[in-house]
Amino acid sequence: RLQRKAFKRRLACRRPLLFLVSVVSFFVLAVMVYAAFRHSLRESTDGLGSRGQAATRHLQRGPDLAGILEKIDLCSLSEYDRITCAGGEGRLEVRTALETSLQRYAGRLLKRSGTIQSAVVALSPVDGRVLVMNWRGARAEGHNLCLEARFPAASLFKIVSAAAALEGAGLTPERQMGFEGRRYTLYRNQLKNRITRYTNRVSLKRAFALSINPVFGKLGIFYLGRERVEEYARRFLFNRPIPFDLPTGLSTIAVPEDPYGLAEITSGFNKRTLLSPLHAALMTAAVVNQGVVMSPWLVSSVRDATGRVLYRPELKPLASPIGRDTAAQLRSMMRETVRRGTCRRTFRRLTRKRAFRGVELGAKTGTINDRSDTYRYDWITAYALPADKTKGLCLAVLMVHGKRLGTRAREIARLIIDRYIN
C-alpha cells in the first residue's frame, strides 16, 4: 500500500511533463503525416501536369490544328460552337472562337450578295480572337478565301503609306498637300512637284478619307522613298508569314525603283501588291490597338474524350508596326473616312442610331479591276469601338464582282457592324 501511494505521488509530480511529451509527439506525428500527404499529392499533380504538357505538345499550332479544322465546315456552324471530330488520339472536342450567330449572319449576306467571290473576316483587336470567318465562291476546290493572299490591296495600302508619312516622314494629318486633275486617276503629269492655278489644296487626312491617288503618289516620291515604303510594308506584315491555326497565304509587295512605280505602290494604284482578308483586318487592328497587332487565333480549345485539354491558344503580340501616337492619328483619318469620306453615305445610317452613341467608327475602302478588267475587287476594312474599349471589332470585307455589280463591300460591313453592336 505504501509503495502504491509513493508511485501515485511520483506520477502526479510527472503528469505535466508526460502531458507535454504527449502533445509534442502528437504534433510531430501530425506534421509527418501532412508532409507525406503533400508529397504524394505533388507527385500525382506533377504526373498529371507532365501528361497534360505532353498532350499539349502533341497538338501544335500548324499542321495538327489544320488537319483537325479541315474536317469542319466553318461557313455553316451549328448553334453551338463545340464540334466533335475524329483525330489521331480518338474523338476530339474542338471549340472555336467564332461568334456562331454572327458567322451565320455573314454567310447569309454573302450568299445573296450576287458576287462571284466574297469573304469576311472579323476579329477582336485586343486579343486577336477571330469572330467571323466566312466566304463564298471557289469552295469546290476547298479554298478558304479569307486566307488567300491573291487579291490586289488597292487603296487599303494607303494605311501603310499614311503610317510611313506620319511616323517616318514627320507629317501630320492636317498637312496641306496639292494635286491636279481627278482624284482617282494617276497620270505622270499629276505627280509633278509644282503649284499652279489648277492645283487643289487638301489636307492629308482629307486625301486619305477621299482616297485621292495623286496625293499619295506624290507622297511616295517626294516624302517617303523606296526604302521607307519597304520598311513600313514589312512592319505591316507584307512579305512575312502570318502564324495562324490554318495555313495562310503570304501577302507580297515589290517596290520598284522608278518614281512612277513608287507612286503606284504608295497610292495602291497597282495590281501587284497582294494581301488576304485576314491580313486586311489585322492592319486595322494595329491602328485600333494602339499600334500592336495581336496574333490571330481561331481555336479556343481542343479536348480528348476524357475532357483533358490538348490545346489552348497563346495570346501574344505578333508585331508593333507603329507607335501609339501614330495609331491615334491614323484612327482620326479613318474616322474622317466615315464622316466625310468614301463611307459617308453608307455609314450615316449607323451614326444616326441610338445604339451607336459613343461608338467610334472608322474605315478605309479600296476598289480596283483585275489585269484583264474582267473582275472588280471591292474592299473595305473598318472598325467599331464602343466606349468601354473592350468589345471592339475590326473587320475586312472583300467582294469580287463580275459583269454585274453585286452588294458593295461597305454595305456588308455596315450590316455586320450593326448586328454586332446590337
_Cα-based reach from LYS316 at 19 Å (exclusive), listing aspartates and glutamates while leaving out same-chain residues under 8 positions away_ = ASP127, ASP245
*What's the FRET efficiency of ARG91 with THR351 using the Cβ-Cβ distance as r and R₀ = 41 Å, to the nearest 0.05?*
0.25
*Which label in (1) 32.3; (2) 28.6; (3) 21.4 gives the computed mean projected area of the Cα convex hull in nm²*: (1)
*Choose one of CYS343, TYR105, VAL24: the residue whose Cα lies farthest towards the positive end of the charge dipole of the chain (beta-carbon charges +1 Lys, Arg; -1 Asp, Glu; about the Cα centre).*
VAL24
*How big is the charge dipole of the chain about its Cα centre, in debye rounded to the nearest 20, if each Lys and Arg gets +1 on its Cβ and each Asp and Glu gets -1 on its Cβ?*
2100 debye
*Amide H to amide H, which residues 5 or more places from GLU360 or on other chains are under 5 Å from it, using H placed in the peptide plane?*
LEU385
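Among the listed pairs LYS71/LYS364; LYS192/LYS403; LYS271/LYS364; LYS71/LYS403; LYS271/LYS353, which have their C-alpha atoms separated by more than 29 angstrom in this model? Intermediate values should be presented prior to the final figure.
Values: LYS71/LYS364 34 Å; LYS192/LYS403 36 Å; LYS271/LYS364 18 Å; LYS71/LYS403 34 Å; LYS271/LYS353 38 Å.
Checking Cα-Cα distances, LYS71/LYS364; LYS192/LYS403; LYS71/LYS403; LYS271/LYS353 exceed 29 Å.
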*Given a 1.4 Å probe and every protein chain left where it sits, what share in percent of the accessible area of the chain is carbon and sulfur?*
52 percent
*Along the charge dipole of the chain, which of THR96, ASN213, PRO277 sits closest to the positive end, that is, farthest toward it, with unit charges on the beta carbon of Lys, Arg, Asp and Glu (+1, +1, -1, -1)?*
THR96
*When ranked by the protection proxy of mean other Cβ atoms within 10 Å per residue, highest first, what sequence do the peptides 324-336, 390-402, 169-181 form?*
390-402, 324-336, 169-181
*Between segment 152-192 and segment 223-250, what's the alpha-carbon centroid distance in Å?*
19 Å
*Given charges of +1 on the Cβ of Lys and Arg and -1 on the Cβ of Asp and Glu, with all other atoms neutral, how large is the dipole of segment 213-279 about its Cα centre, in debye to the nearest 20?*
80 debye
*If a helix is a whole DSSP H run, which ones in the chain reach 30 Å or further along their own axis (Cα) and hold a mean Kyte-Doolittle hydropathy of at least 0.0?*
2-58
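Taking only protein heavy atoms into account and a 1.4 Å probe, give the accessible area per residue of the chain in Å². Before the final figure, lay out the partial values.
Working: 21210 Å² over 422 residues.
Here the per-residue accessible area is 50 Å².
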*Output the relative contact order of the chain, whole-number percent, from Cα pairs under 8 angstrom with separation of 6+ residues.*
20 percent
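Please state the charge dipole magnitude for segment 136-277, taken about the Cα centre, from unit charges on C-beta atoms (+1 on K and R, -1 on D and E), reported in debye and rounded to the nearest 20. Intermediate results must be reported in sequence, preceding the final value.
On the way: 22 positive and 12 negative charges, 132 e Å.
Here the size comes out at about 640 debye.
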_Considering only C-alpha atoms, what is the centroid distance from segment 289-334 to segment 110-138, in Å?_
18 Å
*With every protein chain left in place, what is the accessible area of PHE26 in Å² (1.4 Å probe, nearest 10)?*
150 Å²
*For n ≥ 4 DSSP H runs only, could you compute -39500 (n - 2.57) per run for the chain, divide by its residues and tell me the 222 nm figure to the nearest 500?*
-12500 deg cm²/dmol
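The values are calculated or read from the model by the stated rules, or taken from the named source; none is laboratory data. Quick caveat, the model's predicted, so the values are computed rather than measured. Quick reminder, even Gly has a Cβ in these numbers, built from the backbone with ideal geometry, and neighbours come from all protein chains shown. We work out accessible area using only protein heavy atoms, side chains counted, and drop any ligands, DNA or RNA first. Shrake-Rupley method; radii C 1.70, N 1.55, O 1.52, S 1.80 Å.
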